[in-house]
Amino acid sequence: MTATQIQTSTIKPTNPWAKRNKARTRDVAVASVLPAILAAAVYFVGTAMGATVDPAVLLILGFLPLQLVSAFVVGKKYYGRHGREDALLIVVTIFLSTFVMVLLLSVLWSVISAGAIALRPSFILQNSHYISGTTSLDYGGAGHAIIGTVLAVAIATILTVPLGFGIAVYLTETGGKARGLIRTLVQALSGLPSVVSGLFIYSILVLMGWQTTGFSGSLALLPLMLPTVSRVSEEALRLVPVDLRNGALALGSPTWQAFAKVVFPAARSGLLTAVLLGVARIVGETAPLVLTTTYNNDTNLNPFNGPMAMLPTFIFGYIRNMYDTSIQRGWGGCLVIMILVGVLFVGARVANRKKK
Amino acid sequence: MSPQGDTKIPARRQLVTKPSRRADKVFFGLTSVAANFSIVLILLILGFLLFQAWPAFQSQGFSFFSGETWDSSATPQIFQIGPMLWGSVLVALLGMVIALPLAISLAYFIEFMAARKIAAVATTLVDLLAAIPSIVIGLWGFAVFGPVAQHWAALLHDYLGWIPYVFYHEGSNYGGSPFIAGLVVSVMIVPIITSVTREIFSQMDRDVINASIALGAGRAATFRKVILPTASGGIVGGALLGLGRALGETIAIFFVLNLVFHINFFQVINGEGGTVASMIVSKFGEADAPERSALMASGIVLFVLTLLISALSSYIVKKAQPWRTN
């Protein structure tokens with residue numbers, strides 16, 4: 001042996017700064033679109049020929065393998081061995097993400113399309129006196145339930161917000177000793193099953209001999225709203241720079257003034273967001289209200305006396321009836337709740353955006 | 001210039017915020033009242049429920065947890081929640097198994113794949129999904145998604161029915177099975193797991209990811225070898241958080257799951273099931289005093305279970321973010 005043969009391999013320069021490879025772009029586009037076109041063609045041609053093509057089966061056994069294969073081929077061609085792995089990751093990620101989005105849009109679309117049938121002025125303005133499960137949708141509505149929800153949620157908000165802000169201030173401003181414990185407990189409260197909150201308030205009602213009123217519903221909503229308000233407002237207060245606080249303290253202001261005049265104004269929109277998100281959390285909460293309030297077909301403006309209808313219990317009652325028209329009413333109620341949630345949600349976004 | 005001889009640098013002064021003025025004392029007092037309220041609230045919930053549930057625990061004994069009978073007309077009355085307890089666990093686990101890959105993909109898509117605008121839209125949509133009340137999901141699951149999912153269950157039975165036990169089903173009605181309940185629950189917990197996972201992903205050190213790419217690793221290798229090991233703690237914590245939510249989910253499951261007092265171990269498309277929470281809602285209206293006591297007892301079991309899981313999950317999430325100071 002005269003010379004040792006050394007196997008060398010040269011690494012091809014990849015020039016990531018080079019212009020986009022046109023052939024690659026074309027192939028990627030074809031590989032992304034072709035399987036979908038093929039699957040759609042199979043579906044429509046098959047249906048036209050009279051065969052029953054199951055979309056779910058076609059999607060899982062037809063489209064997905066096809067899409068994987070085409071992505072593998074293109075990935076292997078342009079990126080080598082890594083390309084295949086990457087293609088798998090990309091295809092699976094996009095497929096599953098699309099699945100979630102389809103589910104979400106399906107929820108939104110069914111609420112809007114089915115709710116729009118029931119929604120009309122009388123649905124918002126009238127109560128359900130004289131209404132049974134089969135009465136035509138032209139009569140009666142959820143007005144009494146909307147009033148009930150607004151009153152109960154307003155009371156719950158008035159009770160919860162000071163507590164939630166207090167907890168947030170304790171966690172961020174006062175340097176209290178029990179911060180870790182309180183934070184853990186608030187976290188634990190946020191996992192509180194809503195039905196347990198209802199049972200808790202019901203057990204108090206039984207012990208005290210009180211009747212179920214709108215107020216008992218508000219009380220049952222409090223433990224569910226509290227963790228949301230305190231967590232989001234804690235995040236908002238945390239965003240206020242420490243220098244601002246220290247500056248105020250260094251100028252000699254007491255802690256409460258540093259909070260009220262410096263930190264609070266700076267965090268105001270974040271705190272508003274906390275309130276809005278807290279309200280959005282409880283406005284559609286059903287299980288605790290089913291246990292702690294009694295449904296009522298009439299309008300009741302006094303949350304401290306007599307049974308009071310609320311939107312979630314309105315929907316719950318009508319769905320349980322199982323008549324077509326009553327389920328329609330249920331959809332209408334869902335649409336009203338979703339509009340409320342949507343308004344609160346957008347409000348929270350807008351309030352949060354102003355700051356940045 | 002070095003410090004000479006035995007000149008000691010004094011220890012750093014500890015800054016204390018002790019309220020000295022009266023107004024500050026009031027301010028500190030008010031906030032600690034609010035903070036202590038959260039302790040009191042949890043103790044009150046446990047105390048009141050335990051007080052009301054005690055008669056049921058006393059009369060039913062340990063078989064309350066293991067038995068399979070719920071009969072309020074028998075003498076003596078029998079209240080046992082074995083099937084419901086297992087049903088809760090089964091539905092929550094199914095929901096989590098379905099939701100976890102969806103949530104991880106979505107988080108990966110939002111953080112590492114999508115253009116910024118698409119990512120922003122997707123994030124908003126996921127947050128919106130989290131805000132949809134459970135009764136809306138329940139009605140959707142019952143009226144819109146139910147028939148579709150029943151069809152999927154029928155397909156599972158047709159194609160995978162040769163696997164013994166798991167895909168057992170009789171008859172042509174595929175409604176009310178743990179499979180459908182698990183799917184509906186997964187829709188509700190996907191946003192929770194996604195937001196936790198996304199937060200962990202977004203806090204990752206970009207330099208590490210870029211280093212991996214610079215070393216020649218592709219997307220998949222980076223995900224498997226760099227992103228996943230770093231974020232695994234957070235993902236597990238998020239999954240547990242979702243599991244806790246799934247256990248407590250009530251109304252949506254109430255509408256899509258049959259309530260049968262017979263333990264259905266793993267026959268996921270068989271229409272037998274029920275969870276503790278959905279049982280409480282369905283039995284509560286017509287219950288007499290002893291039965292309500294038994295429902296309170298089921299509630300306390302559920303609460304303790306979710307408390308344990310959420311404590312575990314927040315511990316794991318915290319461990320997974322060692323860079324977060326407090």
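Every number here is computed from the coordinates shown, using simple stated rules; none is lab data. Keep in mind the model is a prediction, meaning the values are calculated, not measured. FYI the Cβ positions are ideal-geometry reconstructions off the backbone, even for glycines, and counts take in every protein chain you see.
Treating the angle as unsigned and between 0 and 90°, give the value, to the nearest 10°, between the Cα long axis of helix A:194-208 and the longest Cα principal axis of chain A. Relative to chain A, helix A:194-208 is tipped by roughly 10 degrees. The simple spin-label model puts a point 7 Å past each Cα toward its Cβ; for A:Val346 and A:Val53 those points are separated by 4.0 nm. Taking the average, over residues, of other Cβ atoms within 10 Å as the packing measure, peptides A:76-85, B:301-310, B:250-259 rank B:250-259, B:301-310, A:76-85 from highest down.
Suppose the Debye formula is applied to equal point scatterers at every Cα of region B:41-177; what is log10 I(q)/I(0) at q = 0.14, 0.15 Å⁻¹? Here the Debye-derived log intensity ratios amount to -1.04, -1.09.
In chain B, the DSSP-assigned H stretches of four residues or longer account for a calculated mean residue ellipticity at 222 nm of -22000 deg cm²/dmol, using -39500 (n - 2.57) per stretch and the full residue count as denominator. Pairs exceeding 31 Å between alpha-carbon atoms, taken from B:Lys225/B:Lys319; A:Lys261/B:Lys319; A:Lys76/B:Lys318: A:Lys261/B:Lys319; A:Lys76/B:Lys318.
When each pair of different Cα atoms in region A:199-356 is counted once in the 1/r mean, what is the Kirkwood radius in angstroms, to one decimal?
18.2
The protection proxy used here, the mean number of other Cβ atoms lying within 10 Å of each residue, ranks peptides B:195-201, B:148-154 as follows, highest first: B:195-201, B:148-154. Cα centroid separation, region A:224-277 to region A:41-88: 53 Å. Between 0 and 90 degrees, the angle of helix B:146-160 with respect to the longest Cα principal axis of chain B falls at about 80 degrees. Were the residues from B:Tyr159 through B:Val304 laid out at 0.36 nm apart, the gain over their Cα-Cα distance would be 48.2 nm.
Just so you know, the Cα atoms of region A:37-99 work out to an Rg and Dmax of 13.9, 43 Å. Taking the empirical scaling 2.2 N^0.38 Å for compact globular proteins as reference, the protein assembly as shown has a Cα radius of gyration ratio of 1.08. Would you list, by chain and number, the aspartates and glutamates whose Cα falls below 20 Å from the Cα of B:Lys18, excluding same-chain residues fewer than 8 positions away? Here the aspartates and glutamates satisfying the reach criterion relative to B:Lys18 are A:Glu173, A:Asp243.
Relative to the globular-protein estimate of 2.2 N^0.38 Å, the Cα radius of gyration of chain B stands at 1.28. Counts of other chain beta carbons within 10 angstrom of each beta carbon in peptide A:246-259 average 3. Among the residues of A:160-172, the average count of other protein chain beta-carbon atoms within 10 Å of the residue beta-carbon is 4. Applying 1/(1 + (r/R0)^6) with R0 = 41 Å to the Cβ-Cβ distance of A:Glu235 and B:Leu50, what FRET efficiency is obtained, to the nearest 0.05? Efficiency for this residue pair is about 0.75.
Its alpha carbons considered, region A:290-356 gives a radius of gyration followed by a Dmax of 15.8, 50 Å.
Put a dot 7 Å past the Cα of A:Lys76, heading toward its Cβ, do the same for B:Ala74, and the two dots end up 6.3 nm apart. Would you mind checking the tilt of helix A:324-355 against the longest principal axis of the Cα atoms of chain A, expressed as 0 to 90 degrees and rounded to 10? Compared with the principal axis, the helix lies near 80 degrees.
Normalising by the residue count of region A:195-283, find the relative contact order in percent from Cα pairs under 8 Å and 6+ residues apart. Computed over region A:195-283, the figure is 36 percent. Using a Gaussian network model of chain B in which every pair of alpha carbons under 10 angstrom is joined by a spring, one finds that among B:Asp24, B:Asp207, B:Asp158 the greatest mean-square fluctuation is at B:Asp24.
Computed from point charges on the beta carbon alone (+1 for Lys and Arg, -1 for Asp and Glu), the dipole magnitude for chain A about its Cα centre is near 1680 Debye. Among the residues of A:275-286, the average count of other protein chain beta-carbon atoms within 10 Å of the residue beta-carbon is 3. Computed over chain A, the alpha-carbon pair-distance distribution with 10 angstrom bins reads 5, 16, 19, 17, 18, 15, 7, 2, 1, 0, 0, each value a whole percent. What whole-number distance in Å separates the alpha-carbon centres of region B:39-66 and region B:212-269? Each part reduced to its Cα centre gives a spacing of 30 Å. Placing a pseudo-label 7 Å from each Cα along the Cα-to-Cβ vector at B:Lys319 and B:Asp207 gives an inter-label distance of 2.7 nm. Only helices enter this figure: runs of n ≥ 4 DSSP H residues, each worth -39500 (n - 2.57), summed and divided by the residues of chain A, yield -23500 deg cm²/dmol at 222 nm to the nearest 500.
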